[in-house]
1. Restricting attention to region 137-154, which residues are modelled with pLDDT of 95 or more and open to solvent by 30 Å² or more (accessible area, probe 1.4 Å)?
2. Mind counting the residues in region 211-260 that are touching a helix residue (DSSP H, G or I) at 6+ places or on another chain (Cβ under 6 Å) and open to solvent by 20 Å² or more (accessible area, probe 1.4 Å)?
3. Out of THR189, THR155, THR201, report the one residue that is touching a Ser or Thr at 6+ places or on another chain (Cβ under 6 Å), closer than 30 Å to LEU223 by Cβ, polar (S, T, N, Q) and touching a residue at least 40 places away in the same chain (Cβ under 8 Å).
4. What are the residues in region 276-307 that are open to solvent by less than 30 Å² (accessible area, probe 1.4 Å) and not small (Gly, Ala, Ser), if any?
5. Answer yes if at least one residue in region 121-136 is closer than 30 Å to THR46 by Cα, open to solvent by less than 50 Å² (accessible area, probe 1.4 Å) and touching a helix residue (DSSP H, G or I) at 6+ places or on another chain (Cβ under 7 Å), and no otherwise.
6. Only residues that are part of a strand (DSSP E or B), of a type outside the set (Lys, Arg) and more than 18 Å from the chain's Cα centre (by Cα): list them for region 125-143, please.
7. Identify the residue in region 90-120 that is among the β-branched types (Val, Ile, Thr) and closer than 16 Å to THR167 by Cα and, among all such residues, is most open to solvent (accessible area, probe 1.4 Å).
8. Being of a type outside the set (S, T, N, Q), in a strand (DSSP E or B) and over 30 Å from GLY129 (Cβ atoms) narrows it down to one residue among VAL228, VAL182; which is it?
Amino acid sequence: MFRFGAALAGALLLSACWADDRDGTVTVRPSADAPGGFRLVSTLATPTYPKFADLTGDRSFVSSCAKQILNTMPPTYGAATLPDQGLAFAYTDATQVWAVTGDGLGLSFGPANVDTSLPAGFQAWAKPGIGSFTDRLRYQTVGIVGIGPFEYMRTAQVITNASGASTTYNCIIGVPTEVSDVPATSLVTYQAVYGGSGYRTITGGATSPFPLGRSTVALQADLLTGTVTTTIHFIGTPASGPDVDLGTVTGTAAIDPLTGAYYGTSWSSADMTGVTGQFSGRFYGPQGKETAFVLTLAANSAAASPAYTLRTAATVIGTQ
């Protein structure tokens with residue numbers, strides 16, 4: 001693993017395992033034992049990266065995931081996994097089968113399970129689960145609301161009742177940025193969007209679901225301090241009526257200088273209290289062109305009327 005000695009350079013490290021072939025070229029070879037599922041074979045030449053859509057052959061990806069169990073109202077949320085500790089996604093080219101493992105799962109989706117019911121921009125599979133349930137695997141392949149396209153990463157969603165309860169996993173996978181391929185500037189700003197929903201529980205009252213796709217996200221990586229900071233203004237869209245301001249939170253994550261991934265549990269807010277949760281992410285493509293993280297969060301309104309708790313699990317994706 002390549003490592004810089006200086007503190008600044010250490011903060012800039014973006015993870016990938018590599019070996020020096022001494023031929024002046026850089027190639028990317030599928031590998032199950034490297035972060036992100038790839039081994040970057042490199043000399044000191046500028047690295048190159050295959051776009052996700054151009055990957056061929058057998059390939060595998062580790063992920064970060066946020067887990068939502070839909071057996072209660074509001075749902076039960078699992079903590080966002082540590083980077084690369086979520087579900088594993090492996091594709092076998094000869095059979096065109098995706099295998100999904102981890103967290104007790106052992107699912108597979110092949111050509112007979114292709115789901116064409118989703119709109120353009122998704123690759124999807126569906127197959128019978130336990131009882132009348134339908135297990136699903138979905139990859140989103142384009143940008144959201146005008147941001148993108150995302151060329152080096154994908155969001156992955158798995159829906160299953162294999163554990164006995166309807167469970168949704170929101171995950172991120174892709175071609176990770178190499179350790180030595182640092183951005184040209186120390187403060188990197190990303191255009192980012194929030195992909196997820198939430199549940200508002202009025203104190204002593206009802207719980208209501210809210211799509212949160214109109215929420216706004218500010219996202220920056222500060223390579224001088226080795227941190228990623230995000231500010232999320234939650235905006236809920238009810239089934240009828242105007243949008244609802246559900247509060248704003250700011251989270252900070254530390255970039256691991258040895259892996260390039262980031263993970264944070266530190267939150268602040270001017271209009272919410274008791275904010276708890278995690279966000280877990282990574283950088284993808286040349287010089288961290290793209291980044292994504294998964295999020296699990298709960299927070300209480302600071303205002304007395306109405307007093308409520310907001311719970312959400314989501315995927316945030318961004319591009320420079």
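1. If the condition is that a residue be modelled with pLDDT of 95 or more and open to solvent by 30 Å² or more (accessible area, probe 1.4 Å), then ARG138 is the only one that fits.
2. Result for region 211-260: 1.
3. Answer to the selection: THR155.
4. Listed by number, the residues that qualify are PHE279, ARG282, PHE283, TYR284, GLU290, THR291, PHE293, VAL294, LEU295, THR296, LEU297.
5. There is no residue in region 121-136 that is closer than 30 Å to THR46 by Cα, open to solvent by less than 50 Å² (accessible area, probe 1.4 Å) and touching a helix residue (DSSP H, G or I) at 6+ places or on another chain (Cβ under 7 Å).
6. Residues satisfying the conditions are TRP125, ALA126, PRO128, THR134, ASP135.
7. Filtering first and then ranking leaves THR101.
8. VAL228
The values are calculated or read from the model by the stated rules, or taken from the named source; none is laboratory data. Because the structure is a prediction, the values reported are computed rather than measured. Neighbour counts are summed over all protein chains in view; Cβ atoms, including those assigned to glycine, are modelled from backbone coordinates with ideal geometry. Surface areas here come from the heavy atoms of the whole protein model, side chains and all, with no ligands, DNA or RNA. Shrake-Rupley method; radii C 1.70, N 1.55, O 1.52, S 1.80 Å.
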